[in-house]
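Colleague: Let me begin by handing over the structure; questions about it come next.
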Amino acid sequence: MMTMSQCGVRKMYHDQESAVSPVVGVMLMLVVTIIIAAVVSAFAGGMGSSQKTAPQVTFNAEYSQSGGMTIYHNGGDTLTIGEFKILLTPSSNMYSIESDTYTTEINQTLIQKDNKDGITWFRATKGTRDVSAFKAGDIAYITIENCSTKILTPGLYSTTSGNFGINRTDFVGSTFFLDFVTKDGKRISRIEVPITS
């Protein structure tokens, strides 16, 4: 038989055990809540800061003063016509031109699908697209007539009185750059194009 003092010790010991259980339970729930909040916050933060990256494309180009400009899409992402720009910048080896000063966006109504069919990317008169995409294996062509300084690079023409276009005969052997950029200015690709006769 238990004495009264033994019952009190047993009861006191039992009360202490029952008091620990709710505290541990509350602590576990608090830790789980904090972990869930951290996971949700990480996902929400990742979704809000995701930025669209520029397409990845490999180009090559040729320019001949007697044949015009040909641009080759050698591989990578397909580009939607009208969703990117092509910028022409003279290189520093074209006499003393400060190259970045004369960067000009090439008007995409000048660009043909290839040098055979005469189908342009955009119709200048209607403002509609005849070609929807520039994809791996495609060729773009700008006729020799459209490579004149006044038509191809009007900014350079007006600034230099037409004297420093890529079609100037003493620039043979020099180069210029073609930059392909997204509408928001992210560079897709940059190529250096030699000027040949």
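Colleague: Considering each residue of the range 99-123, count those that are in contact (Cβ under 8 Å) with a residue 24 or more places away in the chain, part of a loop (DSSP other than H, G, I, E, B) and hydrophobic (A, V, I, L, M, F, W, C), and give that number.
Modeller: Final tally of qualifying residues: 4.
Colleague: Another one. Could you run through the range 91-107 and say how many residues are over 12 Å from Leu152 (Cβ atoms) and modelled with pLDDT of 80 or more?
Modeller: 2
Colleague: Next up: Condition first: outside any strand (DSSP E or B) and surrounded by 13 or more Cβ atoms within 10 Å (Cβ to Cβ). Now tell me which residues in the range 53-67 satisfy that.
Modeller: Filtering the range 53-67 down to residues outside any strand (DSSP E or B) leaves 53-56, 65-67.
If the condition is that a residue be outside any strand (DSSP E or B) and surrounded by 13 or more Cβ atoms within 10 Å (Cβ to Cβ), then Ala54, Pro55, Gln65, Gly67 are the ones that fit.
The values are calculated or read from the model by the stated rules, or taken from the named source; none is laboratory data. What you see is a predicted model; the values in this text were computed from it and never measured. Reconstructed Cβ throughout: ideal geometry from the backbone, glycine too, with neighbour counts over all protein chains shown.
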